[in-house]
1. Scan the range 465-503 residue by residue and report those that are under 22 Å from Gly448 (Cβ atoms) and without any contact (Cβ under 8 Å) to a residue 12 or more places away in the chain.
2. Can you report the number of residues in the range 456-491 which are under 22 Å from Asp272 (Cβ atoms) and not polar (S, T, N, Q)?
3. Can we say Trp357 is open to solvent by less than 60 Å² (accessible area, probe 1.4 Å) and either among the hydroxyl-bearing types (Ser, Thr, Tyr) or at pLDDT 90 or above (or both)?
4. Please go through the range 1-45 and pick out each residue that is within 23 Å of Asp430 (Cα to Cα), assigned to a helix (DSSP H, G or I) and out of contact with any Asp or Glu (no Cβ under 8 Å at 6 or more places or on another chain).
5. Taking the range 208-218 only, how many residues are buried (at least 21 other Cβ atoms within 10 Å of the Cβ) and closer than 15 Å to Leu229 by Cα?
6. Name every residue in the range 360-376 that is in contact (Cβ under 8 Å) with a residue 12 or more places away in the chain and either on the phi > 0 side of the Ramachandran plot or part of a helix (DSSP H, G or I) (or both), in order of residue number.
7. Can you report the number of residues in the range 380-399 which are at pLDDT 95 or above and polar (S, T, N, Q)?
8. Tell me which residues, restricted to the range 404-430, are of a type in the set (A, V, I, L, M) and over 22 Å from the mean Cα position of the chain (by Cα).
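The values are calculated or read from the model by the stated rules, or taken from the named source; none is laboratory data. These numbers were taken from a predicted model, which means no experiment stands behind them. A quick note on method: Cβ atoms are made from the backbone with ideal geometry, for glycine too, and the neighbour counts reach across all protein chains shown. The protein model used for the area step is the full one, side chains on, heavy atoms only, and it has no ligands, DNA or RNA in it. Shrake-Rupley method; radii C 1.70, N 1.55, O 1.52, S 1.80 Å.
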Amino acid sequence: MSTYTIQGGDTLYSIASKLNTTVAILEEANQGIDPSKLQVGQVIQLTVNHGTSYTIKAGDTLYSIAQSQNSTVEAIEKANPGLVPTDLKIGAQITISSTGSAPPAPSPTPPPSQNSTPQPASSSLYTIQEGDTFEIIGAKFGVSDRAIEAANPGAVRTNLQIGAQLVIPGNSAPPQPAPTPTPAPTPSPPMANAYTIQGGDTYEIIAAKFGTTAAAIAAANPTLVPTNLQIGAQISIPGQNEQTPAPAPAPAPVPQPTPLEATNTYTIQSGDTFSNIATKLNTTADAIQAANPSVNPTTLQVGQIINVPQGGSGPVQPQPTTGIPGGTEIGGGYVNYSGPASNFPDPSRWAPYSVLWEQNKTLLSYNDSPHQIDLIASSIQTVSASSGIDPRAILCTIMQESGGNVHVGNTFNGIVNTGIMQAFNGVNFDPNNEEGSILQMIRDGSEGSSNGPGLKQAMAQYGNYYVAFRTYNSGSPNLVDLNDARGATGDYVQKMANRLMGHVWNGM
């Protein structure tokens, strides 16, 4: 069946659910249709006929497919609106646009606002599209986001300009050309060692083990995608002459317990964390931890007595706009961030997605089946790729709004809040269409429903995740104080920041 006749009560979502397709495909196949004005008896198309079919093979990327089929990455994406570049399935069929052209040819000069570095001979140029990130572009061309960043030193990864051009480095070599064709590493950095990826690894975690940086690891492994590391695969560790990982240097200037002379004590009260105790007593959470090496900050007991070091450098929160790199605060206690967005942790400090997923997967299992959890995971990646919203922001919004419970009920505060992200009058979970309804619930919250905006619209308006979170929760932000509830949840943005940093607390 290639057409469908509209019946009473039909919506594009209900039609997609009945006929095992997607709203995006229906909209693409019926570009002149108004989804809010469907007429009973109206005939719509169910499929889009753009061209020929192609079966995905092992090792394929959108870029390699485009080259082999005389098309472009953009044309393939347009012909396959539900396709996720980072999750190509071997054996799946996609449509190759019949109007495809040769792979993108280099333009004479890339715009200086994005990149002014001469383009290597093995590179190509790519025009930035709406929703693009370095990670998404890297997945299209089979290179890492760090390699793209290194090849475009003038581009700001958090402020990519639609229509600007980026240099895509060649897939077979790091962005920097080798200084000599001989294998002798004399003029090169120290010889790299191999490392086998383990469960939970990210570039940041591996870098901490070996005392190097995530960027250096990315440059040494230009063909790897940092967001899709495979357990058991081997990567190169630059600048190391020993196989045994060296401990990462401590990022904060706090010495180990011996020199602290912790002569004072403090009795734990309800709600205490090392962070708010440090604020009360004019010291730091790190100093308190160093003075109590056997105390687990995530399991403090009321009445428990801890050591408090003499002196201290004064309260350290909340001024974390820059500072400790991402990942170094994973597992820390709750921090009372407040004030404007500049007082909240910069997104570069957020914990890696893989860490956040493992932290929250257990919480998801309290309400959801393993299959539903898998659907949540795949839907987050799909919607992140189509919306441009960081998957970590989507995951933490899900946990903040519903604890990840797909069966969550609606709430009402002037509008109906629905689904796993409590979106603006969107859809709810459908046990007869688990995959479609979970995807749509996450799409409603991230991209906006047919009745109201989502995170994407708030980000477009303000360009800052924390302001977007406050807007998502309250409808409008107080830019000077993001804990101003505006009739909603006062600590909403504060909790989102703690979730994104990988902090852990009771009742999270």
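1. Residue satisfying the conditions is Ser476 alone.
2. 2
3. Yes, satisfied.
4. Within the range 1-45, Tyr13, Ser14, Ile15, Ala16, Lys18, Val23, Ala24, Ile25, Leu26, Glu27, Ser36 meet the criteria.
5. 2
6. Scanning the range 360-376 gives Asn360, Lys361, Leu363, Leu364, His371, Gln372, Ile373, Leu375, Ile376.
7. Total meeting the criteria: 1.
8. Within the range 404-430, Val408, Ile415, Val416, Val427 meet the criteria.
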